[in-house]
Each structure stands twice: as C-alpha cells, then as structure tokens.
Amino acid sequence: MKKLEKFECLEKYDYEQIVFVQDKSSGLKAIINIHDTTLGPALGGTRMWHYKDEDEALLDGLRLSRGMTYKNAAMGLNLGGGKAVIIGDARKDKSEELFRTFGRYVDSLNGRYITAEDVGINTEDMQLVNQETDHVCGLPGLSGDPSPFTAYGTYCGMKAAAKRAYGSDSLKGKKVAVQGVGHVGYYMVKHLAEEGVEVVVADLYEDNIKRVVNEFGVEVVAPEEIYDVSCDIFAPTALGGIINDQTLERLDCDIIAGSANNQLKEPENHGKKIELMDIIYAPDYVINGGGVINAAEEVFAASYNAKTSKRKVEKIYDKIQRVFEISDRDGIPTYKAADVMAEERINKMSNLNNLYRPKK
Ligand code: NAD
C-alpha cells in the first residue's frame with residue numbers, strides 16, 4: 001500500500017482533524033478522527049485492535065469516522081462524525097493507566113469528540129475514560145448496551161422494507177434468514193419471533209445458537225448455508241462485506257435488511273447489482289442507527305429515559321421509507337439514496353451558520 005500522506009487523507013474526504021496520540025508511560029498509541037462537526041460534536045466509539053501498522057489503524061479510523069457523520073446525519077441527530085482507534089491487543093494491553101490517559105486526551109478536545117464503546121472496548125474501560133472526561137456515553141446505568149436499540153430499529157426498518165415489497169408491513173408468516181445471533185441478532189430474533197415470523201439462523205458460536213433455539217424455537221443451518229436459504233428477508237447481522245459477487249448469486253430473497261455495518265463489499269458495484277436483481281436493500285447505516293439514537297439520548301437529554309429512546313428508534317421506519325422516496329425521486333439505488341438523505345441534512349443545517357446570532 002502506498003504510504004498515506006496525512007494531509008492528503010484530510011483533504012480527500014474533507015476531514016476536519018486527526019489527532020495522533022502517544023504516551024510512553026502507559027503505552028497508549030491512539031488516533032482520534034474527527035470527520036465533520038457541521039451538525040454538532042463528533043460522536044463515535046473507540047475501537048481497540050491489533051492493527052498490523054499505523055496506516056491500517058489510520059485508514060480504519062478514517063473510514064469509521066466518516067461513516068459516523070453519515071449515520072448521525074441520517075438519524076436526524078445534532079451530532080457530527082468521529083471515531084477513535086487505540087492500537088493494541090484488547091486481550092493483553094489494557095490497563096487503568098492506558099484508558100485514563102486516553103480519557104485525558106479526549107478531554108483535551110473540549111467536547112469536539114464524544115466517545116463510546118466499540119470493538120475491543122467494554123463498559124469498564126469506558127468508566128476509566130470517564131474518570132478523566134465527561135465526553136463519554138454508553139455508560140452503565142445510563143444508555144448502556146446499544147444492542148437492544150439497534151435490534152429494535154433494525155426490526156422497524158425491516159417492516160418499512162416489507163411495506164415497500166408487499167404493500168403491508170406485517171411480517172407475520174414471513175421467512176427471515178438471520179446471519180449472526182450475537183448481541184443484536186438475539187434481540188432481533190426475539191422481535192421477529194413475537195410477530196410470528198419463521199426464523200432461520202446461523203452463527204459460529206454454539207452457545208449463541210442454543211439461546212435462540214431454546215427461547216424462540218428457530219431453525220438452524222450451518223454458517224455457510226445461510227446464503228442458500230430461500231426466504232423473504234435476508235438479515236446480515238454479523239459481518240461486513242458479506243454482500244459480494246459470491247453471495248449475491250446465491251441469495252433467494254426479496255429484501256436485504258440487517259444490522260451489520262458495511263454490508264456491501266463494493267458499495268457502487270454491489271449496490272447496483274442488488275437493484276438489478278429486484279431485491280430491496282435497506283441501507284445498513286440507516287437501519288442500524290438505533291444504538292446511536294439511544295446514545296444521543298444520553299448526551300442531550302436532561303435525564304436519560306429508555307422509553308423515550310425507544311420511541312425515537314421507532315422512527316427508523318420513516319427514515320427507511322424516506323430513503324426509498326429519494327431512491328424513486330432521483331432514480332438511484334437505495335445505498336446511494338441514504339447518502340443523499342444524510343448530505344441533504346448536513347447541507348441544510350450548515351446554512352444555519354450563515355445567520356448571525358449575537359452572543360448571550
Ligand atoms: P456480536 O459480535 O455480538 O455478534 C455477531 C455474531 O455473528 C456472533 O455471534 C458471531 O459468532 C456471528 N458470526 C460471525 N461470523 C459469522 C458467520 N460467518 N456466519 C454466521 N455468524 C457469524 O456483534 P453485534 O454487536 O451483535 O453486532 C452485529 C453486527 O451489527 C456487526 O456488524 C456490528 O458492527 C453491527 N452493529 C452493531 C451495533 C450494536 O449496537 N451492537 C450497532 C450498529 C451496528
């Protein structure tokens with residue numbers, strides 16, 4: 001890979017700020033990426049991963065923080081996009097000193113960046129960060145685990161997609177193939193089972209499979225077979241990049257709607273192919289925005305209330321419908337329509353800055 005030129009990175013996709021952080025004493029090496037703060041402070045989790053080199057960490061952070069700008073905008077939140085990456089092995093390199101040092105760096109940004117959990121980071125780590133900064137969310141006792149909210153939003157988005165495909169948003173009697181029944185998949189299957197959906201699942205972990213079989217009596221297939229299940233809805237709820245040339249030709253469904261991030265291996269190529277196959281695609285970062293809506297409730301509400309969060313998450317139904325409207329209006333695939341929806345909000349709101357407001 002060509003060595004990344006740092007300003008080239010900032011300019012190419014219009015990033016505002018990249019903060020490189022190192023602290024010898026704690027061993028902290030981190031990159032805090034702030035993509036865009038037009039709508040408000042940049043919110044996005046911190047990921048801890050054993051990246052093979054700095055460039056890989058930088059690229060991951062850049063990609064993820066830009067994704068957060070789009071997700072937060074699409075959710076109608078007054079939040080920009082950011083993400084931090086800590087370079088290290090989450091099983092070996094964690095310490096109190098490391099997370100508190102990281103917290104001090106987050107604090108030094110004065111609220112331009114708000115952090116939360118992501119891959120490799122748990123609530124205890126975030127409590128350590130919180131000892132040094134208030135610019136943290138997803139803490140236990142407040143918005144906490146985002147998965148139930150992500151799952152509920154995904155379920156609501158599925159119903160919006162069903163309305164487009166079948167004229168009714170009832171999922172009763174439909175067949176849904178769920179790839180991955182971890183944190184989000186478990187709660188999603190619960191909603192589906194409660195509505196009388198025929199659910200088929202696949203997962204790598206026996207305990208995750210057992211839980212949904214015992215509680216909801218779902219059917220199970222081997223991980224590699226989930227793509228061949230003839231169904232109404234295929235729900236990617238595990239990994240990114242799983243909609244690709246190999247899997248698309250095996251899918252036999254009317255709708256793709258699931259919580260996994262970055263589902264399309266090559267968005268332009270596979271987003272178009274899905275259209276040509278007459279499959280309705282509910283774009284990932286719109287349908288899986290329930291978790292961030294819940295986190296925003298912790299950031300903005302005077303006191304966090306899970307019921308209010310749930311009511312707001314329900315609006316993902318309308319947001320998916322809006323994506324379909326833009327897709328029809330502009331004659332573009334739905335993955336692209338999601339970007340248009342997000343950009344429309346950012347552009348409209350940036351006009352607010354043209355209006356002078358005297359200081360109070
Ligand atoms: P998780 O790690 O708890 O669950 C993922 C599950 O997928 C695991 O049980 C794993 O065994 C399974 N899996 C992995 N590879 C598989 C394969 N090839 N076939 C079948 N199963 C496989 O993760 P999660 O928190 O449930 O998140 C699921 C997806 O949703 C991820 O892509 C995540 O980025 C995305 N997402 C999650 C949230 C959230 O609130 N947790 C929010 C937005 C997006």
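None of the figures in this text is laboratory data; all of them are computed from the coordinates on show. Being a predicted model, the structure only gives us computed values, none of them experimental. For neighbour counting, all protein chains shown are included, and Cβ atoms are generated from backbone atoms with ideal geometry for every residue, glycine included.
Among the DSSP beta bridges whose two residues both lie in the chain, what percent are antiparallel, rounded to the nearest 5?
The antiparallel fraction comes to roughly 30 percent.
Tell me, what is the percent relative contact order of the chain, built from C-alpha pairs under 8 Å that lie six or more residues apart?
Contact order relative to length: 15 percent.
Could you tell me whether region 263-360 comes out rounded, prolate or oblate from its Cα gyration tensor? Rule is a ≥ b ≥ c as square roots of the eigenvalues, rounded for a/c under 1.5, then prolate if a/b exceeds b/c, otherwise oblate.
Here region 263-360 falls in the oblate category.
Mind putting together the pair-distance distribution for region 194-289? All Cα pairs, 10 Å bins, whole percent per bin, short to long.
In whole percents, the pair-distance histogram is 15, 49, 30, 6.
Using only Cα atoms, tell me the angle between helix 54-74 and the longest principal axis of the chain; keep it within 0 to 90° and round to the nearest 10.
70
To the nearest 10 degrees, how steep is helix 267-276 against the longest Cα principal axis of the chain, on a 0 to 90 scale?
Long axis of 267-276 versus the principal axis of the chain: about 20 degrees.
Compute the FRET efficiency between residue 311 and residue 215 as 1/(1 + (r/R0)^6), taking r as their Cβ-Cβ distance and R0 = 25 Å, and round to the nearest 0.05.
0.45
For residue 47, list long-range residues whose amide hydrogen, built 1.01 Å from N in the peptide plane, is under 5 Å from its own amide hydrogen.
Counting only residues 5 or more places away or on other chains, the set is 84, 85, 86.
For the chain, take the longest principal axis of its alpha carbons; what is the angle in degrees between that and the long axis of helix 183-194, to the nearest 10 within 0 to 90?
30
Using only the alpha carbon atoms of region 1-131, find the Kirkwood hydrodynamic radius as the inverse mean reciprocal pair distance, in angstroms to one decimal.
14.6
What list of ³J(HN,Hα) couplings, whole Hz, do you get for region 108-117 from phi and the Karplus terms 6.51, -1.76, 1.60, once you set θ to phi - 60° and write x for glycine and proline?
Result, ordered by residue: 5, 8, 6, x, 5, 10, 10, 9, 6, 6 Hz.
What 222 nm value per residue comes from the helices of the chain, counting each DSSP H run with n ≥ 4 as -39,500 (n - 2.57) and dividing by all residues, nearest 500 deg cm²/dmol?
It comes out at -13500 deg cm²/dmol, rounded to the nearest 500.
Can you give me the long-range amide H partners of residue 40? Hydrogens built in the peptide plane at 1.01 Å from N, cutoff under 5 Å, separation of 5 or more residues or another chain.
Counting only residues 5 or more places away or on other chains, the set is 80.
What ranking do 171, 79, 142 get, fewest neighbouring Cβ atoms within 10 angstrom at the top?
The fewest-first ordering by Cβ neighbours comes to 142, 171, 79.
Using a Debye calculation, one point per C-alpha and no hydration shell, please list log10 I(q)/I(0) for the chain at q = 0.13, 0.15 Å⁻¹ in order.
Cα-only, vacuum Debye calculation for the chain: -1.06, -1.37.
Please work out how much length the chain gains when fully extended from residue 228 to residue 97, using 0.36 nm per residue of separation minus the C-alpha to C-alpha distance, in nm with one decimal.
Going from the current span to full extension adds 42.3 nm.
Taking H as built 1.01 Å from N, whose amide H comes closer than 5 Å to the amide H of residue 280, not counting residues under 5 places away?
Amide H to amide H, under 5 Å and 5 or more residues apart or across chains, residue 280 pairs with 255, 256.
Computed over the Cα atoms of region 128-236, what is the convex hull's projected area averaged over all directions, in nm²?
Convex hull of Cα atoms, orientation-averaged projection: 8.6 nm².
Could you go through region 296-311 in sequence order and give the Karplus-derived ³J(HN,Hα) for each residue, using 6.51 cos²θ - 1.76 cosθ + 1.60 with θ = phi - 60°, rounded to whole Hz, and x for Gly and Pro?
5, 4, 5, 6, 9, 6, 4, 9, 5, 9, 5, 5, 5, 4, 4, 4
So for region 110-153, what are the equivalent ellipsoid semi-axes in whole Å, largest first, each being the square root of 5 times an eigenvalue of the Cα gyration tensor?
After diagonalising the Cα gyration tensor, the semi-axes are 19, 12, 9 Å.
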